[in-house]
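No value in this document is a laboratory result; all are computed from the given coordinates. Quantities reported herein were computed from a predicted structural model and do not represent experimental measurements. So basically every Cβ, Gly included, is an ideal-geometry build from the backbone, and we count neighbours across all protein chains shown.
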There are 4 protein chains.
Amino acid sequence: MRRDRILAAAVRVFAERGYETARVSDIAAEAGVAYGLVYHYFGSKDAVLEAVCHDAWGRLASAIEAVADAALPAQERLERVVKIVLRSWRDDPDLVRLLVREINRNPEMEDELPEIAAAFASLERIVAGGQHDGSLRTAVDPKLAAWMLWGALDEIMTGWVLGRLPDDVAAVAAAEREVIATVVGGLVSR
Amino acid sequence: MRRDRILAAAVRVFAERGYETARVSDIAAEAGVAYGLVYHYFGSKDAVLEAVCHDAWGRLASAIEAVADAALPAQERLERVVKIVLRSWRDDPDLVRLLVREINRNPEMEDELPEIAAAFASLERIVAGGQHDGSLRTAVDPKLAAWMLWGALDEIMTGWVLGRLPDDVAAVAAAEREVIATVVGGLVSR
Amino acid sequence: MRRDRILAAAVRVFAERGYETARVSDIAAEAGVAYGLVYHYFGSKDAVLEAVCHDAWGRLASAIEAVADAALPAQERLERVVKIVLRSWRDDPDLVRLLVREINRNPEMEDELPEIAAAFASLERIVAGGQHDGSLRTAVDPKLAAWMLWGALDEIMTGWVLGRLPDDVAAVAAAEREVIATVVGGLVSR
Amino acid sequence: MRRDRILAAAVRVFAERGYETARVSDIAAEAGVAYGLVYHYFGSKDAVLEAVCHDAWGRLASAIEAVADAALPAQERLERVVKIVLRSWRDDPDLVRLLVREINRNPEMEDELPEIAAAFASLERIVAGGQHDGSLRTAVDPKLAAWMLWGALDEIMTGWVLGRLPDDVAAVAAAEREVIATVVGGLVSR
DNA sequence: AATGAATGAGTTTTCATTCAT
DNA sequence: TATGAATGAAAACTCATTCAT
């Protein structure tokens, strides 16, 4: 329970200051616990980040996976993924801020986060399925398609994180529509 | 000349270790110069990063701007931008690695790099122009479109940086084609 | 009983890592008990060391004292002391390792371990007795003689502890013979 | 030069407080330099100790080696070694205090200090030489003899370090005489 | 008796920056 | 220009000890 308080505090602090700049003492203070307790539960600052990311990506990856396995047309499954990802910004902006700011910056992290790979694999699977049943264009490599779609989503959230793109309810709704219309739309056969 | 050696070394070191983790002494060692010389030419570690980024984005931004101003159909101008961006990976992967790892995620940096804003504005201008002449769909906000396209490009380069996407000549060519087909294709009116 | 398990574990851990480097948690883990139990039985890390040393030196000192009081020629009593000391290596190497590594070098400890002083006094008493009855040379100061003999024994055990001197049965037997021949032999009148 | 000041300060501080208990800041303060300079010259606290020990043992080992190579009877060479070692206490008690307190406590150190091995090898060589020319008893293993002699010397210096044995000029002279009479005397053929 | 979560002072180490030469 | 010694603030991490249960 105390452990969870620390984890939640870490999300806020890492999101606010970035991993390198954040101090372990900031996390402890934010969680309202003593310094050493962070080291009692996690062995190091690095381990805290890893735990946070496991958590976050774990939730996101399983949500995406569930959609990927749903008995729906590929296009619709992609649309649902777009909504899940973009809405996570509303649900927990600090978490998204953290994912956006840190993950790509630490290449090593990717290897230690199988959840990320799983999420990408799910996306890829949806695309491949859609190509198989003819609803999506076959010229595009499914893996590349997954990366492009993710890139568009990640960049939009980055814009929100940085305050460079509007993130009110209407703008979020519009972003959903437009990613679907543009990127998902760009993948469908015509 | 010595200054340029330092700048080039900084690109390599920042690309390899990331800004926070890189030491000024690493840069000096990589450049083969003495410690203090970095401070002689640049006033601080921060200033080195800024100089590096000005250089990098300056070149990219002016190339994009030139395309944006060309007397060509919007769709074709977008295609050229895609090629310019993705080919910069082949020309100077360390520079791209740096752009990917540091700049896009760093709030403070954006303010100090008008070149980035200029590049995004150019993209946005192309999209708005295409919507105006009817070649691109008007439902999508030009700014959001610019961010999505950039996101797809950035993510693909990230995949290359991380070694998660193939980056041989054929794969780079395919990526160009597929970003154009998918994202640019998703923007055109039909 | 639980207390004894902790004590035995402490011997092993102190022997392995040295007092300063050993952690209380190491001792608890080695003993298979909870953290706080060490503090329940002993009040502090220091007290654990002291208890261990009392035990160890207590046994050694009383054995030496018994020999010192035996109705035997001084030379033979010294020989027996040599055997007692060197054989304790076979009986409990960790204990010897601890004695060698920590106690002899720690000024504060000596004051708190009257057993050590008693052991040295016994040795000294044997030498003085031998000088009195004419069997040992009188030129040498009994106290210095005791320290030299102890030094030779301690160094040999150190060699064993460090794996720098062979410690198989034959080597131990040879060491006994040779300390007796050399140091004890060097003390006898001729 | 500043480096030497740090080294000399380290000898004093380690001698006074012991390696584990000594703080790097103590060394810096004792040397009258800034904190970081210790790390500028030596990479770590451990490296400081190692440098100190290299120095100290280097000098002692080469002195012993010189004696071992001298064209003198083995017995006389041993006597000279005894004097060299015991007189180093007068010359630099802090250094001896350090050697006595730390070296034997850190088994790993021995491997990193070839000088110690060299000193022991010199002693061993003298004994073997004496056995060869018939001046020393052949029953004793030269290596064991070297360790015994060293043990006697080390223990006497320990007594001085701990203030348990008198260390005035007369006592030092007596110690020399008595180690020679007893241990060296115990090695000679009769 | 027994547990192990919680505390926080104390230490090592790092490294950007300054400055005398 | 060029060097690298010197500085010291800042941060991660350790671990003996306490204490509620």
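Quick rundown of the values:
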read-out: Exam field: C:Ala66 pseudo-label spacings to other copies (7 Å along Cα-Cβ), nanometres; value: 5.2, 7.5, 9.8
read-out: Estimated distance in nm for a label pair at B:Asp69 and B:Met1, the labels positioned 7 Å out from Cα along Cα-to-Cβ; value: 3.4
read-out: Estimated FRET transfer efficiency (D:Leu37, C:Tyr41; beta-carbon r; R0 45 Å; 0.05); value: 0.50
read-out: Extended-chain gain in nm, criterion 0.36 nm per residue less alpha-carbon gap, B:Glu76 and B:Ala171; value: 32.1 nm
read-out: Most mobile listed residue (C:Ser62, C:Ser88, C:Ser44) in chain C, GNM with C-alpha springs under 10 Å; value: C:Ser44
read-out: Evaluated over segment B:6-60, the Cα radius of gyration and Dmax, each in Å; value: 10.3, 31
read-out: Cβ-defined net charge surrounding C:Tyr41, 15 Å radius [Lys, Arg +1; Asp, Glu -1]; value: -1
read-out: Fewest-first ranking of D:Arg12, D:Arg97, D:Arg190, using other Cβ atoms within 10 Å as the exposure measure; value: D:Arg190, D:Arg12, D:Arg97
read-out: Label spacing, shortest first and in nm, from A:Asp133 to its equivalents in the remaining copies (7 angstrom along Cα→Cβ); value: 4.0, 10.0, 10.6
read-out: Cα centroid separation, segment B:1-78 to segment A:34-102 (Å); value: 33
read-out: All-pairs Cα distance distribution in the protein assembly as shown, expressed in whole percent, bin size 20 Å; value: 14, 32, 21, 21, 11, 2, 0
read-out: Values of log10 I(q)/I(0), in the order q = 0.21, 0.23 Å⁻¹, for segment D:75-190 under a Debye, Cα-only, solvent-free model; value: -1.20, -1.34
read-out: Rg and Dmax of segment C:1-109, Cα atoms only, in Å; value: 15.8, 52
